[in-house]
Amino acid sequence: MNQPLSNFQMRDAEALLHPYTDAVALRTTGAQIVDRGEGVRVWDQSGRSYIEAMSGLWCAGLGFGNAELVEAARVQMERLPYYHLFSGKSHDTAIELAEKLKAMTPGQMARVFFQSSGSEANDTQIKMAWYMNNALGRPQKKTIVSRKKAYHGTTLATASLTGLPGNHTDFDLPMPGIRHLSTPHFWKEAQEGESEEAFVARLAAEFEALIEAEGAETIAAFIAEPVMGAGGAIVPPMGYFPAMSAIARKHDILTITDEVICGFGRTGEWFGAETVGFEPTSMSMAKQLTAGFVPLSAVAINGEMAEALEANSGKIGTFGHGFTYGGHPVGCAVALKALEIYERMDMPRVVQAMSPRFAAHLKSFEGHPLVGEGRSLGLMGALELGPNGRREGFAKPGKVGAKMVGELKDRGIIARAVVDSIVFCPAMTITEAELDEVFGAVGPALDATLDWAKAEGHI
Ligand code: PMP
């Protein structure tokens, strides 16, 4: 039985259209209206507290209260609340942040371009790759290669890169010129008896075959998240990215690492590409760049790309791309402070120290009748649910996952279901006790979900 909706829930349903939400169901369930946050917790309007085990949308890596970030925003707002980077304008905060990102990122990044969101960053990546290849006199080199279950955003082009059917259905997507390779999820996708090495070799051969079939002269870039986030916290075999990078390099195909979730310590190194051995020619960053406090994203490109882009803009008199809020001074000021905090804490080391406990918790549920795999890298991970742990999943996908998230919510934990993968991405500052509290709720939530799944015929 659903509770009657509160005043705010009724007003919400009348006034808002929510992203990634069943608008019809919301009229009976009501939105969870979050009121305030502190540390790893948020409070809803009824005063109930929850551990936010997803850092919101994988972004509040320092939790929900931080006086230093607030002060950095306040000081910047007083001094220069807005300026832009168009037509030769600049400001010191953007310059300092770009220098900082150049120094931190792997792969000798040479220039930084700012936007506000992850989608805008990846849209920029596509436009840069196309613009560069036009400038280099190879206008046919345009196809972008992504993967099934990838998540790169929701603009027309980035929703096309995203490899999730829900982002394509009824939006007339994907656009032409986008390809999706197989998901590097060994547990779910490996063939009977296939070793991890053979699995990687098969996926690499699939990439080679695509290049062979379409011609390297038509393929501009390969884009990938080091760990797939919104596809279900899917950790690739460690041989996968070195193999894919080598193929791309051989065929003069750009390698774009989407660090929107994986950046800034999340995987135990500063960037996910470093953890998984991906050699990028360019990088997309957002979310934890500002610890989620204000919107800001960044694209970093290597020297070769920068040279081609700059030379062409000189030739035609402009680089005709940019966003009003790209490099917003408040975003840049908060990002600089967030990076200072990450460095002071040595965030990759913090994540490395906590991640064995996180991994052990997830693994400990592998014997449960509802759990197939407990996987993680750094402090992002998932429990893959399936009937008696079977990897082919439930006959009605998503129902059991949604029930499990509801059971966790009733126990004061906010997690998220990607179909039937229950994903976790807590603040990187989470304590051992808080982590134990999250997973202390998972066992009873699984048991309650199991009883329900049996009663409803899902298992
Ligand atoms: N890339 C990745 C890896 C993401 O996880 C997301 C958002 N979840 C995006 C891009 C898109 O970012 P935004 O929602 O800020 O447009």
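The values are calculated or read from the model by the stated rules, or taken from the named source; none is laboratory data. Keep in mind the model is a prediction, meaning the values are calculated, not measured. No Cβ is skipped: glycine too gets one built from the backbone with ideal geometry, and neighbour counts run over all protein chains shown. Surface accessibility is based on the protein's heavy atoms, side chains included, excluding ligands, DNA and RNA. Shrake-Rupley method; radii C 1.70, N 1.55, O 1.52, S 1.80 Å.
So if I check each of Glu208, Glu194, which one is more than 30 Å from Trp130 (Cβ to Cβ) and either assigned to a strand (DSSP E or B) or away from the ligand (no atom under 15 Å from the Cβ) (or both)? Spell out how you get there, then give the answer.
On the way: Glu208 fails: more than 30 Å from Trp130 (Cβ to Cβ).
Exactly one residue qualifies, and that residue is Glu194.
Among the residues of region 408-428, how many are open to solvent by less than 50 Å² (accessible area, probe 1.4 Å) and out of contact with any strand residue (DSSP E or B) (no Cβ under 9 Å at 6 or more places or on another chain)?
Of region 408-428, the ones open to solvent by less than 50 Å² (accessible area, probe 1.4 Å) are 408, 412-415, 417-418, 420-428.
Next, only the ones that are out of contact with any strand residue (DSSP E or B) (no Cβ under 9 Å at 6 or more places or on another chain) stay: 428.
Looking only at that region, the number is 1.
Which residue is nearest to the ligand (Cβ to nearest atom), if the candidates are limited to region 168-183 and must be open to solvent by 20 Å² or more (accessible area, probe 1.4 Å) and either on the phi > 0 side of the Ramachandran plot or not in a loop (DSSP other than H, G, I, E, B) (or both)?
It comes out as His180.
Yes or no, residue by residue, for (1) among the hydrophobic types (A, V, I, L, M, F, W, C); (2) farther than 22 Å from Arg41 by Cβ; (3) at pLDDT 95 or above; (4) out of contact with any Phe, Trp or Tyr (no Cβ under 7 Å at 6 or more places or on another chain):
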{"residue": "Val371", "(1), (2), (3), (4)": "yes, yes, yes, no"}
{"residue": "Gly374", "(1), (2), (3), (4)": "no, yes, yes, no"}
{"residue": "Gly381", "(1), (2), (3), (4)": "no, no, yes, no"}
{"residue": "Phe394", "(1), (2), (3), (4)": "yes, yes, yes, yes"}
{"residue": "Lys399", "(1), (2), (3), (4)": "no, yes, yes, yes"}
{"residue": "Lys403", "(1), (2), (3), (4)": "no, yes, yes, no"}
{"residue": "Gly406", "(1), (2), (3), (4)": "no, no, yes, yes"}
{"residue": "Gly412", "(1), (2), (3), (4)": "no, no, yes, no"}
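With the condition kept exactly as written, say whether any residue in region 38-50 is modelled with pLDDT of 95 or more and assigned to a helix (DSSP H, G or I).
no
For region 144-167, enumerate the residues that are away from the ligand (no atom under 13 Å from the Cβ) and surrounded by fewer than 22 Cβ atoms within 10 Å (Cβ to Cβ).
Selection gives Lys148, Pro165, Gly166.
For region 61-102, which residues satisfy the criterion of being in contact with a Phe, Trp or Tyr (Cβ under 6 Å, 6 or more places away or on another chain) and assigned to a loop (DSSP other than H, G, I, E, B)?
His91, the sole residue that qualifies.
I'd like the full set of residues that are touching a strand residue (DSSP E or B) at 6+ places or on another chain (Cβ under 8 Å) and part of a helix (DSSP H, G or I), limited to region 133-156.
Asn133, the sole residue that qualifies.
Exactly one of (1) touching a residue at least 24 places away in the same chain (Cβ under 8 Å); (2) open to solvent by 50 Å² or more (accessible area, probe 1.4 Å) is unmet by Met347. Its number?
Condition not satisfied by Met347: (2).
So, of the residues in region 40-55 that are touching a residue at least 60 places away in the same chain (Cβ under 8 Å) and out of contact with any helix residue (DSSP H, G or I) (no Cβ under 6 Å at 6 or more places or on another chain), which turns out to be farthest from Glu259 (Cα to Cα)?
So in region 40-55, the residues touching a residue at least 60 places away in the same chain (Cβ under 8 Å) come out as 40, 42, 48-55.
Right, trim to out of contact with any helix residue (DSSP H, G or I) (no Cβ under 6 Å at 6 or more places or on another chain) and you get 42, 48-50, 52, 54-55.
On the way: Val42: 26, Arg48: 33, Ser49: 30, Tyr50: 27, Glu52: 21, Met54: 17, Ser55: 16 Å.
Going through the qualifying residues, I end up with Arg48.
Can you find a residue in region 267-279 that is within 16 Å of the ligand (Cβ to nearest atom), buried (at least 24 other Cβ atoms within 10 Å of the Cβ) and either over 20 Å from Glu343 (Cβ atoms) or modelled with pLDDT under 95 (or both)?
yes
When you scan region 205-224, how many residues do you find that are farther than 17 Å from Asp252 by Cβ and under 24 Å from the mean Cα position of the chain (by Cα)?
1
Of the residues that make up region 56-76, is at least one aromatic (Phe, Trp, Tyr), in contact (Cβ under 8 Å) with a residue 24 or more places away in the chain, within 16 Å of the ligand (Cβ to nearest atom) and open to solvent by less than 60 Å² (accessible area, probe 1.4 Å)?
yes
Here is a list of conditions, (1) farther than 19 Å from Lys287 by Cα; (2) open to solvent by 50 Å² or more (accessible area, probe 1.4 Å); (3) out of contact with any helix residue (DSSP H, G or I) (no Cβ under 8 Å at 6 or more places or on another chain); (4) in contact (Cβ under 8 Å) with a residue 24 or more places away in the chain, and Asn133 meets all of them except one; can you say which number that is?
With respect to (1) farther than 19 Å from Lys287 by Cα; (2) open to solvent by 50 Å² or more (accessible area, probe 1.4 Å); (3) out of contact with any helix residue (DSSP H, G or I) (no Cβ under 8 Å at 6 or more places or on another chain); (4) in contact (Cβ under 8 Å) with a residue 24 or more places away in the chain, Asn133 is out only on (2).
State whether the residues of region 233-243 include one that is farther than 23 Å from Thr281 by Cα, within 16 Å of the ligand (Cβ to nearest atom) and not aromatic (Phe, Trp, Tyr).
Taking every residue of region 233-243 in turn, at least one turns out to be farther than 23 Å from Thr281 by Cα, within 16 Å of the ligand (Cβ to nearest atom) and not aromatic (Phe, Trp, Tyr).
Identify the residue in region 103-126 that is part of a helix (DSSP H, G or I) and more than 15 Å from the ligand (Cβ to nearest atom) and, among all such residues, is least open to solvent (accessible area, probe 1.4 Å).
Per the stated criteria, the residue is Met104.
For region 291-309, check the following and say yes or no: at least one residue is open to solvent by 10 Å² or more (accessible area, probe 1.4 Å), at positive phi and touching a residue at least 40 places away in the same chain (Cβ under 8 Å).
Within region 291-309, one or more residues are open to solvent by 10 Å² or more (accessible area, probe 1.4 Å), at positive phi and touching a residue at least 40 places away in the same chain (Cβ under 8 Å).
So His321 ticks every box in (1) outside any helix (DSSP H, G or I); (2) within 16 Å of the ligand (Cβ to nearest atom) but one. Which box is left unticked?
Of everything listed in (1) outside any helix (DSSP H, G or I); (2) within 16 Å of the ligand (Cβ to nearest atom), His321 misses just condition (2).
Is there any pair linking a residue in region 153-167 that is farther than 14 Å from Ala121 by Cα to one that is more than 9 Å from the ligand (Cβ to nearest atom) and part of a helix (DSSP H, G or I), with Cβ under 6 Å and at least six apart or on different chains, and which?
Close Cβ pairs satisfying both conditions: Asn167/Ala159.
Based on this model, can you work out whether Thr449 counts as more than 30 Å from Tyr342 (Cβ to Cβ), at pLDDT 95 or above, open to solvent by less than 60 Å² (accessible area, probe 1.4 Å) and among the hydroxyl-bearing types (Ser, Thr, Tyr)?
Numbers: more than 30 Å from Tyr342 (Cβ to Cβ): yes; at pLDDT 95 or above: yes; open to solvent by less than 60 Å² (accessible area, probe 1.4 Å): yes; among the hydroxyl-bearing types (Ser, Thr, Tyr): yes.
Yes, satisfied.
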